[in-house]
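Have a look at the structure below before the remarks.
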Protein chains: 2
Amino acid sequence: MNASTNRKWMLTRRPVGLPKRSDFSFETAPVPEPADGQILVRTHYISLDPAMRGWMNDARSYVPPIPLGDVMRAGAVGEVVASRHPGWKAGDHAVGMFGVQDYAAADPAGVQRADPSLAPLPLFLSVLGMPGMTAYFGLLDIGNPQPGQTVVVSAASGAVGALVGQIARIKGARAVGLAGGPDKCAYVTGELGFDACIDYKNDDVGRGLTKNCPNGIDVYFDNVGGDILDLCLARLARRARVIICGAISQYNNTGPVKGPANYLSLLVNNARMEGFVVFNYAARYGEGARDMATWLGEGRLKSREDIVDGIETFPETLLKLFSGENFGKLMIKAV
Amino acid sequence: MNASTNRKWMLTRRPVGLPKRSDFSFETAPVPEPADGQILVRTHYISLDPAMRGWMNDARSYVPPIPLGDVMRAGAVGEVVASRHPGWKAGDHAVGMFGVQDYAAADPAGVQRADPSLAPLPLFLSVLGMPGMTAYFGLLDIGNPQPGQTVVVSAASGAVGALVGQIARIKGARAVGLAGGPDKCAYVTGELGFDACIDYKNDDVGRGLTKNCPNGIDVYFDNVGGDILDLCLARLARRARVIICGAISQYNNTGPVKGPANYLSLLVNNARMEGFVVFNYAARYGEGARDMATWLGEGRLKSREDIVDGIETFPETLLKLFSGENFGKLMIKAV
């Protein structure tokens, strides 16, 4: 790599099941020229998120599919190296959907500023970025946990789940996590301060939920779908709220999605299941970021990043999300 | 039968799949004596509802299971023939959970008055009774349809569904029904005034929904579950509300319930699925009954009762609900 070339990962095939190296091509091109009104960003950290799997499918969703032959869509944080927009200058830092590439020429609409004096750059892809806003608005706006209520969250050591449980506790609720393996569970209770964590790889999840949620589950923040969603549905408290944030257990299915067989628990408990896409809260990101930055500054929110070196590792690094191998917010350090 | 005996249907076995005659016993006993504070009611009409199937199971739910050996639980309307309660006198009419029997000695708590000058008695088991309150609060409180929005309801010629569509239209929304067979569909559009009705027994339901809901489904009031729920989920508009009122397609399953495989449509559409039990609105029945009675008086609500003669027919008559053979609110005329 040198300063005049742009390495980029293109989506060239729609994956069937788990994405494979051969679904992408790694190309080198000249660094793009920003058009009038655009900025040129050198990406420093590229965010890897479960939602990327959905964007690869040719299906109606909240955003259009990534066209075949286009750069793989991804959030990233980087430095402005050239600007043809009056609001931005070289040296500014920016967060946006810059893609899995070294350089992006971008329209500043939809790009946020990142202030490196406020927090290290990777945090603009975690606590102060999309996972942070996802946890904040999903839990508070839809889940609305009350003091003393029990909040359960799956993928509790992951980028979103870790924040959900910590915010729940800041609001006076009990937080019960689900994570894979003793190390992650120890982190969730020890470092993050959850009240309990159930090891879904080694424990009996149903029994763990029953034991740790003696009055039922008031809020379940679901990142995984599948059997865990069903086990939680079977244990809802009256007027419970189930937040459908993701379903990572189902994203690489080649057969049909497993629907929640226990959904009639919603009926008998007057409960609600609600989905959301964080982009719909864009107008309120300021509010979320302000609270999250305050809690971060007060030491009440901890975050852990799992940073892998080198944009060339993209396809293999992405798979860590689906195997549960990552520990903390997964991202690639581009430079 | 004579005036000194009480015929009653007892639940003697927990049904597996469809209830059978042999799950019940038909017994004759002396007419009960009301205890101090109780009333003695002669039942005139007994309500048969899909929810009865759930009450027969030994499962945690919103009401305890019917104990084996007890009278089969059912709503009914009848006449007070003796009273040991100062608030009631012989000749009053009452609606309550009097069971599948000729006479019930009942505590008046939870018993409502029925005024036969306001409407014929059967209507206190339909428009002005539990199905009416179910349609009213489920649609308006959870569904909250706005003028011009599209409301879809399954079992549209049934006791609840027929009212849901008519209330939707009163509120300025479009009503699209699903019903089984051309006669029921003709009734739903012709008599009840729905904008469209899809014959789920003969039409391609998915295509019918797509055609009749060009802007997606804003409110889906689900009485059936199963494949129809999935077809509706796949066609939700943004911020849609799915009301889980029942799942008659699943009640007699001997295998697991079919969960809605398309539930991730809630996520991409920021939509909500919410269950409810009408009993939780008991404190607001007055409000619902007042509106329903007004609309009934203005001719804006039509209702159809399917009345079968004779309490002795109970097990066979109940099955009409699950085969879809009933046409309108199913009830038994006891005397």
For A:Asn253 and B:Asp141, extending 7 Å from Cα along the Cα-Cβ vector and measuring point to point gives, in nm, a value of 3.3 nm
Within 10 Å of the Cβ of an average residue in A:253-263, the count of other chain Cβ atoms is 5
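Viscosity 1.002 mPa s, temperature 20 °C: Stokes-Einstein D of the range B:262-335 from its Kirkwood Cα radius, in µm² per second?
Working: Rh = 16.1 Å.
It comes out at roughly 133 µm²/s.
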Ordering B:111-118, A:117-124 by per-residue average of other C-beta atoms within 10 angstrom, highest first, gives A:117-124, B:111-118
Within the set A:Tyr103, A:Tyr62, A:Tyr263, GNM on chain A using Cα springs under 10 Å gives the largest fluctuation to A:Tyr62
Taking every DSSP bridge whose two residues both lie in chain B, the antiparallel percent to the nearest 5 is 55 percent
Note to self: C-alpha centroids of the range A:154-224 and the range A:265-288 sit apart, in Å, by 19 Å
Quick P(r) readout (the range B:70-119; Cα-Cα; 10 Å bins; whole %) gives 25, 58, 16, 0
Any residue on another chain or 5+ positions along whose placed amide H is under 5 Å from the amide H of B:Val242 is listed here as B:Tyr220, B:Arg272, B:Met273, B:Glu274
Partner lysines whose C-alpha sits under 23 Å from that of B:Lys8, ignoring same-chain residues fewer than 8 away, are B:Lys20, B:Lys320, B:Lys329, B:Lys333
Within the under-11-Å Cβ sphere about B:Pro19, not counting B:Pro19, Lys/Arg +1 and Asp/Glu -1 give a net charge of +3
The answer for trypsin sites (Lys or Arg not before Pro) in the range A:23-75 that fall in a DSSP coil and have at most 12 neighbouring Cβ atoms within 10 Å is A:Arg60
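Can you give the net charge of the other residues whose Cβ lies under 11 Å from the Cβ of B:Ile248, counting K and R as +1 and D and E as -1?
On the way: positive: B:Arg53; negative: B:Asp49, B:Asp222.
Overall, the nearby charge balance is -1.
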Quick P(r) readout (the range B:99-145; Cα-Cα; 5 Å bins; whole %) gives 5, 17, 17, 23, 20, 10, 5, 2, 0
With no solvent term and unit scatterers on the alpha-carbon positions of the protein assembly as shown, Debye gives log₁₀ I(q)/I(0) at q = 0.05, 0.08, 0.11 Å⁻¹ of -0.30, -0.68, -1.09
Whole-Hz Karplus couplings 3J(HN,Hα) for the range A:228-243, θ = phi - 60° and coefficients 6.51, -1.76, 1.60, Gly and Pro as x, run 5, 4, 5, 5, 6, 4, 5, 10, 5, 7, 4, 6, 5, 10, 10, 9
Whole-percent tail of the Cα-Cα distance distribution for the range B:140-196, cut at 16 Å, equals 30 percent
So the compactness index of chain B, its C-alpha Rg divided by 2.2 N^0.38 Å, takes the value 1.00
Sorted shortest first, the nm distances from the B:Ser117 label point (7 Å along Cα→Cβ) to its counterparts in the other copies are 8.1
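Give me the percent of DSSP beta bridges within the protein assembly as shown that run antiparallel, rounded to the nearest 5.
Taking every DSSP beta bridge within the protein assembly as shown, about 55 percent pair in antiparallel fashion.
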The chain B residue whose Cβ lies closest to the rotation axis carrying chain B onto chain A, with that distance rounded to whole Å, is B:Gly259, 2
Taking only Cα atoms of the range A:130-279, the Rg to Rh ratio with Kirkwood Rh works out at 0.93
Taking N as the number of residues in the range A:1-108, the ratio of its alpha carbon radius of gyration to 2.2 N^0.38 Å works out to 1.10
Across A:272-281, the residue-averaged tally of Cβ atoms belonging to other chains within 10 Å stands at 6
Quick calc, the range B:186-297, dipole around Cα centre from Cβ unit charges on Lys, Arg (+) and Asp, Glu (-), nearest 20 debye, gives 340 debye
Those cysteines in chain A that have no second cysteine Cβ within a distance under 4.7 Å are A:Cys213, A:Cys232, A:Cys245
Binned at 5 Å from zero, the C-alpha pair distances of the range A:203-274 give percents of 3, 18, 27, 26, 16, 7, 3, 0
One decimal, nm, nearest first: from B:Arg14 to the same residue in each other copy, label points 7 Å out along Cα→Cβ, the values are 4.6
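Can you compute the helix-only [θ] at 222 nm over chain B? Use -39500 (n - 2.57) per DSSP H run of at least 4 residues, normalise by all residues, nearest 500 deg cm²/dmol. Numbers along the way, then the final one.
Numbers: 9 runs with 73 residues, N = 335.
So the helix-based figure for chain B works out to -6000 deg cm²/dmol.
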Taking the label point 7 Å from Cα along the Cα-Cβ vector, the copy-to-copy distances for A:Gly148, listed from shortest in nm with one decimal, are 4.5
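Laboratory data are not the source of any read-out in this text; all were calculated from the coordinates shown. Since the model is a prediction, treat every value here as computed from it, not as a measurement. Cβ coordinates were reconstructed from backbone atoms using ideal geometry, including for glycine residues, and neighbour counts include every protein chain displayed.
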